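So the structure is just underneath, and the comments pick up after that.
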Amino acid sequence: MTTTSRSPRALRDALVDRFAWLGDRTDDTGAADLTGWWRDPALLADIGPALADLYADSQPTVVLGPESRGVLVGTLTATALGVGFVEVRKDRGSGADSDAWRRRVSPPDYKDRHVEFGFRRDLVKAGDRVLMVDDWVATGATALTVKGLVEDSGATWIGVATLVDAVRESRLRRDLPLRSLLHERDLGWYR
Ligand SMILES: O=P(O)(O)OC[C@H]1O[C@H](OP(=O)(O)OP(=O)(O)O)[C@H](O)[C@@H]1O
């Protein structure tokens with residue numbers, strides 16, 4: 001267990017309080033303004049430990065976070081766990097070191113995009129136990145693609161910890177598996 005300064009209920013209330021919707025909400029995460037969460041020092045300190053606690057008994061050896069906000073919340077979580085962190089880069093393109101890079105293209109995400117995700121092969125190895133962390137999960141395209149990359153590497157996949165669960169297919173919660181601090185409906189809007 002890591003340590004948060006407040007109960008899960010109080011943390012959820014603080015996240016809801018600091019959250020804002022922008023625009024007309026037609027753009028899912030594009031209309032969700034999470035920036036208030038990072039501005040509150042006490043909230044910033046609690047987010048990593050709270051995400052880590054979602055998988056308290058799983059003993060990850062590394063945390064993976066996709067660009068861009070997965071890098072922010074993933075780093076907080078890895079720090080709370082005392083393990084290292086791997087950036088999962090998007091649409092990195094080909095480079096001279098392409099053999100060193102593990103890549104997969106996603107199915108359509110919440111913006112109907114096919115995104116290429118990747119990380120350096122030597123950063124995730126067989127024997128690692130991998131926790132993925134992100135701010136928001138909608139279609140699950142990002143999470144499923146990262147899961148595939150981890151399986152390609154021979155490492156053990158634990159699951160996904162996210163701040164907000166906005167999944168459209170509930171089977172994803174079991175299949176990924178996915179655990180969250182908030183559901184989209186806690187933020188005052190639900191399809
Ligand atoms: O479940 P999915 O449909 O895959 O959507 C979830 C992803 O979308 C958001 O990232 P976004 O693509 O907006 O990237 P950004 O953080 O770089 O803005 C969010 O941070 C997740 O990574």
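The values are calculated or read from the model by the stated rules, or taken from the named source; none is laboratory data. Note that the structure is predicted; figures quoted are calculated from it, not measured. A quick note on method: Cβ atoms are made from the backbone with ideal geometry, for glycine too, and the neighbour counts reach across all protein chains shown.
Key figures
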| read-out | value |
| --- | --- |
| Candidate set from the stretch 53-70 (those that are touching an Asp or Glu at 6+ places or on another chain (Cβ under 9 Å) and touching a residue at least 40 places away in the same chain (Cβ under 8 Å)); member that is farthest from the ligand (Cβ to nearest atom) | THR61 |
| Total residues in the stretch 129-144, condition of a type in the set (Val, Ile, Thr) and either within 6 Å of the ligand (Cβ to nearest atom) or surrounded by fewer than 21 Cβ atoms within 10 Å (Cβ to Cβ) (or both) | 3 |
| Every residue from the stretch 84-117 that is among the β-branched types (Val, Ile, Thr) and crowded, with 18+ Cβ neighbours inside 10 Å | VAL86, VAL88, VAL115 |
| Subset of the stretch 171-181 (residues that are more than 14 Å from the ligand (Cβ to nearest atom) and of a type outside the set (D, E, K, R)) | PRO177, LEU181 |
| Pairs with Cβ under 8 Å, 6+ apart, first in the stretch 132-144 and farther than 12 Å from PRO177 by Cα, second near the ligand (Cβ under 6 Å from one of its atoms) and assigned to a loop (DSSP other than H, G, I, E, B) | ALA138/ASP109; ALA138/TYR110; THR139/ASP109; THR139/TYR110; ALA141/ASP109; ALA141/TYR110; THR142/ASP109 |
| Residues (among the basic types (Lys, Arg) and touching a helix residue (DSSP H, G or I) at 6+ places or on another chain (Cβ under 7 Å)) located in the stretch 93-148 | ARG102, ARG104, ARG120, ARG121, LYS125 |
| Verdict on ARG179 being within 26 Å of PHE119 (Cβ to Cβ) and in contact (Cβ under 8 Å) with a residue 60 or more places away in the chain | yes |
| Those residues of the stretch 50-80 which are under 13 Å from LEU131 (Cβ atoms), modelled with pLDDT of 95 or more and part of a loop (DSSP other than H, G, I, E, B), in sequence order | LEU54, TYR55, SER58, GLN59, PRO60, THR61 |
| Of the criteria (1) among the small types (Gly, Ala, Ser); (2) crowded, with 19+ Cβ neighbours inside 10 Å; (3) not in a strand (DSSP E or B), which one SER180 fails | (3) |
| The stretch 103-128, subset free of Cβ contacts under 8 Å to residues at least 24 places away in the same chain and over 14 Å from VAL62 (Cα atoms), residue nearest to the ligand (Cβ to nearest atom) | ARG113 |
| Members of the stretch 81-91 found to be part of a loop (DSSP other than H, G, I, E, B) and over 23 Å from ALA126 (Cβ atoms), listed by number | ASP91 |
| Residues satisfying the stated conditions in the stretch 148-166, i.e. closer than 15 Å to PRO66 by Cβ, outside any helix (DSSP H, G or I) and away from the ligand (no atom under 15 Å from the Cβ) | TRP157 |
